[in-house]
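S.K.: Following this message is one structure expressed as C-alpha cells.
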Amino acid sequence: MTHPNPLGHLSIGVRDYAASKAFYSAILSPLGLVLVYDSEDSAKGGQAPTSSDPHKNMKRIRTLGFGPDPQHELLNIFEFGPDAAAPGAGFHLAFNAPTRDAVVEFHAMGVGFGGADNGLPGVRRHYGEDYFAAFVVDPDGWRLEAVCKRPEGE
C-alpha cells in the first residue's frame, strides 16, 4: 500500500544555525509551517551518531525541523558550517501556500531575513493559469519557491 504522502521530509545543510532558524521561521510561517524541533531545546542536544551510523564520525550537529505539527515534520535543517553547500542550477524547493497573500509574505520575509529575491510574487502563466509564485534564495544559496494554485480571489 502506498502512503498518501510518499515524501517524508527533505533535509538541507546550512552554515549558520541561528541565521537559518530566524530565516526559515519567518518565511515558512505564512505557509502554515512552524518550528517543531530544535536540538538546542532538546535534552539530547542533537543527534549523536550510533556505532552502526554511516555518519558516526560526524560531531553533534544542531538541527531544526519545520512542519505543520510535530508528527509531520517536512523540512530538516542541519548546521554543517563551512561544509554546507546548496546544489547547483536546476534545483529548488517549492512549498505550497494556502493563499496568494501567503506567497507575497513568504517573499517579503525571505528578502527581509537575509535572502535574495529570485522572482517577485506573480502569476506564472507558463506553469498554469492560476500558478501564483515567488522565489527567494536563502543565505546559503538554497533556491526556494512558494506557490499558490488557487484562482485570484479564492
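Values quoted throughout were computed directly from the atomic coordinates according to the rules given, and no laboratory measurement underlies them. In this text the structure is predicted, and so the values were computed from the model without any measurement. Ideal geometry is used to build each Cβ from the backbone, glycine not excepted, and the neighbour counts take in all protein chains shown.
S.K.: Please determine, in degrees from 0 to 90 and to the nearest 10, the orientation of helix 100-112 with respect to the longest principal axis defined by the Cα atoms of the chain, where the helix direction is its Cα long axis.
M.R.: The two axes meet at around 50 degrees.
S.K.: Can you tell me the 0 to 90 degree angle between the C-alpha axis of helix 17-28 and the longest principal axis of the chain, rounded to 10?
M.R.: Taking Cα atoms only, the helix is inclined about 30 degrees.
S.K.: If each DSSP helix of 4+ residues adds -39,500 (n - 2.57) and the sum is divided by the residues in the chain, what number results at 222 nm, nearest 500 deg cm²/dmol?
M.R.: Counting only the DSSP helices, I get -5000 deg cm²/dmol.
S.K.: Further, regarding this structure: Determine, for each peptide in 79-90, 14-25, the mean count of other beta carbons within 10 angstrom over its residues, then list the peptides with the highest first.
M.R.: Values: 79-90: 12.0, 14-25: 18.9.
The most tightly packed comes first, giving 14-25, 79-90.
S.K.: Sequence-distant or interchain residues sharing an amide H contact under 5 Å with Tyr131, placed H: which?
M.R.: Those qualifying (amide H under 5 Å, at least 5 residues apart or on another chain) are Arg124.
S.K.: Out of all DSSP beta bridges with both ends in the chain, state the antiparallel percent to the nearest 5.
M.R.: Expressed as a percentage, antiparallel bridges in the chain total about 70.
S.K.: Considering amide H positions built from the backbone, and no H for Pro or chain starts, which residues 5 or more places from Thr99, or on another chain, come under 5 Å of its amide H?
M.R.: Amide H neighbours of Thr99, under 5 Å, 5+ apart: none.
S.K.: Oh, and also: Quick check on the stretch 10-148: take the gyration tensor over C-alpha atoms, sort the square-rooted eigenvalues as a ≥ b ≥ c, and tell me if it's rounded (a/c under 1.5), prolate or oblate.
M.R.: On the way: a/c = 2.20, a/b = 1.85, b/c = 1.19.
Prolate, since a/c reaches 1.5 and a/b exceeds b/c.
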